Every structure is written in C-alpha cells, then in structure tokens.
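The values are calculated or read from the model by the stated rules, or taken from the named source; none is laboratory data. Just so you know, these numbers come straight off a predicted model, no measurement behind them. A quick note on method: Cβ atoms are made from the backbone with ideal geometry, for glycine too, and the neighbour counts reach across all protein chains shown.
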Amino acid sequence: MQIGPFNIERGRLLLLILLVGFILFILQINNLQNKLTPLQEQVATARVESTQLIATQYALQTEIAHATSPAAVEEYARGEAHMVKPGDKLVVVIPVPGTEPTPTPQVVLSDIVRTPLETWLLLLFGN
C-alpha cells in the first residue's frame, strides 16, 4: 500500500493502527484514573464523617434513654427540684443568725515595677 511517498505493507499498517489505538486506550485509562483518585478521597472522608455521626447519634440516644428513665427523673426531682415523696420530710438548712461564712481573700496586684536584680534580692533576702 502506498501512503504518500511511503510504501507500507498491509500487516505493518495494521500493526501501526493497533499500536496507536492501544496508546490512546492507555491515555484514556490514565485520564479516568486521575478523575477517580479525588473521588476515592471524598468517599474515604464521607465514611469517616458518617462513622462520627453514627457515634454521636448513639451517644445522644444513650443520653435520651438516661434522661427519660425513672431513676434520672427521681434524681432530678430530689436533687435540683427539692421535691419529696409522700411521707418524706423536707429539711432546709438555714444558717444561724449572726454567723457569716468566711470571705474569700481577694488578691490585689501591685503596680510596683522592679528590675530583675531587685526581684532576686527581694526573693533571696526579703524586705
């Protein structure tokens, strides 16, 4: 077969066409692989987020189950709401008149500026 100034045998022409087709096929596979890699990363991220959300859901379901249980309701009623059962007596502690709780000392920062040498002398020898 004559192609332009070249004389190519039919078998070689077929081999050349197959080689070009194979190279185009490999380039297409490479292109698809490049598109697939970010999608795989997104899938991995979505799986991690899904696992975290499922763990959060289980934790919230556990909290709801505890909060709606009779033991938790009674704990709240007796503790924070100061409720009593029939037959119980509520005791409220009232401070004795004339006694005051010990006040918490307040720390006052001084505005004295000392050099590092003065600070060390004060620490080592006092006033």
Considering each of 93, 73 in turn, give the residue that is loosely packed, with under 10 Cβ neighbours inside 10 Å, hydrophobic (A, V, I, L, M, F, W, C) and without any contact (Cβ under 8 Å) to a residue 60 or more places away in the chain.
-> 93
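Can you find, within the stretch 46-93, the residue that is nearest to the chain's Cα centre (by Cα) among those that are small (Gly, Ala, Ser) and part of a loop (DSSP other than H, G, I, E, B)? Give the steps one after another, and end with the answer.
Residues of the stretch 46-93 that are small (Gly, Ala, Ser), as a first pass: 46, 50, 55, 59, 65, 67, 69, 71-72, 77, 79, 81, 87.
Cutting the leftovers down to part of a loop (DSSP other than H, G, I, E, B) gives us 69, 81, 87.
Values: 69: 29, 81: 35, 87: 49 Å.
Looking at the filtered set, the residue picked out is 69.
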Among residues belonging to the stretch 91-107 that are hydrophobic (A, V, I, L, M, F, W, C) and modelled with pLDDT under 85, point out the one that is farthest from residue 79 (Cα to Cα).
-> 96
Please verify whether the stretch 99-108 includes one or more residues that are at negative phi and surrounded by 10 or more Cβ atoms within 10 Å (Cβ to Cβ).
-> no
